[in-house]
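J.: Sharing a structure with you now.
The values are calculated or read from the model by the stated rules, or taken from the named source; none is laboratory data. None of the values given here were measured: they were computed from a predicted structure. Please note: Cβ atoms are built from the backbone with ideal geometry, for glycine as well, and neighbour counts cover all protein chains shown.
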Amino acid sequence: MIAGMIDDLYTDVLDEDLVRPDGRTVAWTRTGSGTPLLRLPGTPGSRWSIRADRSAWTERGLQVITTERPGFGRSSRLPGRKFRDHSDDLAAILDHLGLDRVYLMGGSGGGPHVLAFAAHHPDRVIAATITVGSPPMEDHEYDEMIPLNAAAFRAARNGDETALREVLTPSYEAMATAPLAGLEAAMTAAPASDLEVMSDPQWRIGLTKALQAAFAQGIDGWVDETLAIGAEWTDIDLTAISTALTWWHGVADRNCPFEAAQRLIDKLPTATLRELGDAGHFEPYRREPEILDELLARGA
């Protein structure tokens, strides 16, 4: 599908931004006008990490705000950023939109940012959900990951930015040129359920749109974010999180291993684990109506 035809599927989506006091641009997209849902996409991702088919959102009367972290898309880079930096960006977006409290959802690399926002701005969150979130890893768990993630997060854990760039650059160049082919090359060791999702035409449209925007500034955003997620989380007090949180995760996930996620969930005082069975990293795409209904029910 050519770019113009893809863009035609997103004509109802507003592309917005604001400038922070330090001069950085923070961008997001917004669609709908009802109950506010703040969505934090995975890594690499962008403000356009949204579904081509958004009927599940319209059927539930949602206003969906999909954010973009520093260095991706139109959001200015912030080298060495911490989770708190983006938490404050999110609060500024809500202030700009006149929203006091929102439902909060994040997947994969967006997962730690959900935890950070819930810890730093608990008064802004009605209820939260994480899908297949990226957890801190132990040494033996890298062997359970797809090769790209294993090598990248090992380098990030060691704080070795040079090695991390060397790991990510081939995949970045492939995805920036041909998003689908680049991701498929990185996911060759993925479980069958992920390969099934990746064959879905609507998913492929959304992935293309998301990655075309994500790499507008180059590789730096991906490097910065992997360093933040892979290092020790020094600015998130997990015990301070009081927001009701559900975490959905598949046992066969090779991007973010289930064992590592379960260990993190056990440290969260208000978290409930929902297993996605013998599924991989992309299963939440197929289960979104169920995931949304569970989230919204906790705020009713």
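J.: Give, as residue ranges, the strands (runs of 3 or more DSSP E) completely inside the stretch 1-72 that count at least 3 residues that are among the β-branched types (Val, Ile, Thr). Show your work before the answer.
T.: On the way: elements: 14-19, 25-31, 35-40, 62-67.
Result: 25-31, 62-67.
J.: Being closer than 17 Å to Gly230 by Cβ, surrounded by 18 or more Cβ atoms within 10 Å (Cβ to Cβ) and charged (D, E, K, R) is the requirement here; does Glu161 meet it? Can you show your working first?
T.: Details: closer than 17 Å to Gly230 by Cβ: yes; surrounded by 18 or more Cβ atoms within 10 Å (Cβ to Cβ): no; charged (D, E, K, R): yes.
No, not satisfied.
J.: Shifting gears a bit: Residues being under 18 Å from Val132 (Cα atoms) and without any contact (Cβ under 8 Å) to a residue 60 or more places away in the chain: count how many of those fall in the stretch 219-252.
T.: So the count comes out to 1.
J.: I'd like to know if the stretch 161-169 contains one or more residues that are under 23 Å from Gly218 (Cα atoms) and among the polar types (S, T, N, Q).
T.: So in the stretch 161-169, the residues under 23 Å from Gly218 (Cα atoms) come out as 161-169.
Within this subset, residues satisfying the condition of being among the polar types (S, T, N, Q) are 162, 169.
Yes, that holds for at least one residue.
J.: Now a separate question. What single numbered condition from (1) touching a residue at least 60 places away in the same chain (Cβ under 8 Å); (2) farther than 22 Å from Thr131 by Cα fails to hold for Asp95?
T.: (1)
J.: Let me ask something else. Report whether or not Thr169 is surrounded by fewer than 17 Cβ atoms within 10 Å (Cβ to Cβ) and of a type in the set (Val, Ile, Thr).
T.: Spelling it out, Thr169 is indeed surrounded by fewer than 17 Cβ atoms within 10 Å (Cβ to Cβ) and of a type in the set (Val, Ile, Thr).
J.: Being closer than 30 Å to Glu59 by Cα and hydroxyl-bearing (Ser, Thr, Tyr), is that true of even one residue in the stretch 210-230? Break it down into steps so the answer makes sense when it comes.
T.: Of the residues in the stretch 210-230, the ones closer than 30 Å to Glu59 by Cα are 210-214.
Then keep just the ones that are hydroxyl-bearing (Ser, Thr, Tyr); that gives none.
No: zero hits.
J.: While we're here: With the condition kept exactly as written, say whether any residue in the stretch 124-132 is surrounded by 24 or more Cβ atoms within 10 Å (Cβ to Cβ), in contact with an Asp or Glu (Cβ under 6 Å, 6 or more places away or on another chain) and either at pLDDT below 95 or not in a helix (DSSP H, G or I) (or both).
T.: Within the stretch 124-132 (the criterion being surrounded by 24 or more Cβ atoms within 10 Å (Cβ to Cβ), in contact with an Asp or Glu (Cβ under 6 Å, 6 or more places away or on another chain) and either at pLDDT below 95 or not in a helix (DSSP H, G or I) (or both)), the answer is yes, since at least one residue qualifies.
J.: In the stretch 138-178, how many residues are in a helix (DSSP H, G or I), farther than 22 Å from Leu207 by Cβ and of a type outside the set (Gly, Ala, Ser)?
T.: The qualifying residues number 13.
J.: Quick one: in the stretch 133-149, which of the residues that are surrounded by fewer than 20 Cβ atoms within 10 Å (Cβ to Cβ) and either without any contact (Cβ under 8 Å) to a residue 60 or more places away in the chain or under 17 Å from the mean Cα position of the chain (by Cα) (or both) is nearest to Gly107 (Cα to Cα)?
T.: So, considering only residues that are surrounded by fewer than 20 Cβ atoms within 10 Å (Cβ to Cβ) and either without any contact (Cβ under 8 Å) to a residue 60 or more places away in the chain or under 17 Å from the mean Cα position of the chain (by Cα) (or both), the one nearest to Gly107 (Cα to Cα) is Pro136.
J.: Across the stretch 277-300, what is the total count of residues that are over 17 Å from the mean Cα position of the chain (by Cα) and touching a residue at least 60 places away in the same chain (Cβ under 8 Å)? Talk me through it step by step, then tell me what you get.
T.: Residues of the stretch 277-300 that are over 17 Å from the mean Cα position of the chain (by Cα), as a first pass: 277-279, 289-290, 293-294, 296-300.
Filter again for touching a residue at least 60 places away in the same chain (Cβ under 8 Å), leaving 278-279, 289, 293-294, 296, 298-299.
The qualifying residues number 8.
J.: Go through (1) without any contact (Cβ under 8 Å) to a residue 24 or more places away in the chain; (2) surrounded by 19 or more Cβ atoms within 10 Å (Cβ to Cβ) one by one and return the number of the condition Ala155 breaks.
T.: The one condition Ala155 does not meet is (1).
J.: Which ones in the stretch 1-55 are modelled with pLDDT of 95 or more and over 25 Å from Glu288 (Cα atoms)?
T.: Across the stretch 1-55, the qualifying residues are Asp17, Leu18, Val19, Arg20, Pro21, Asp22, Gly23, Arg24, Thr25, Val26.
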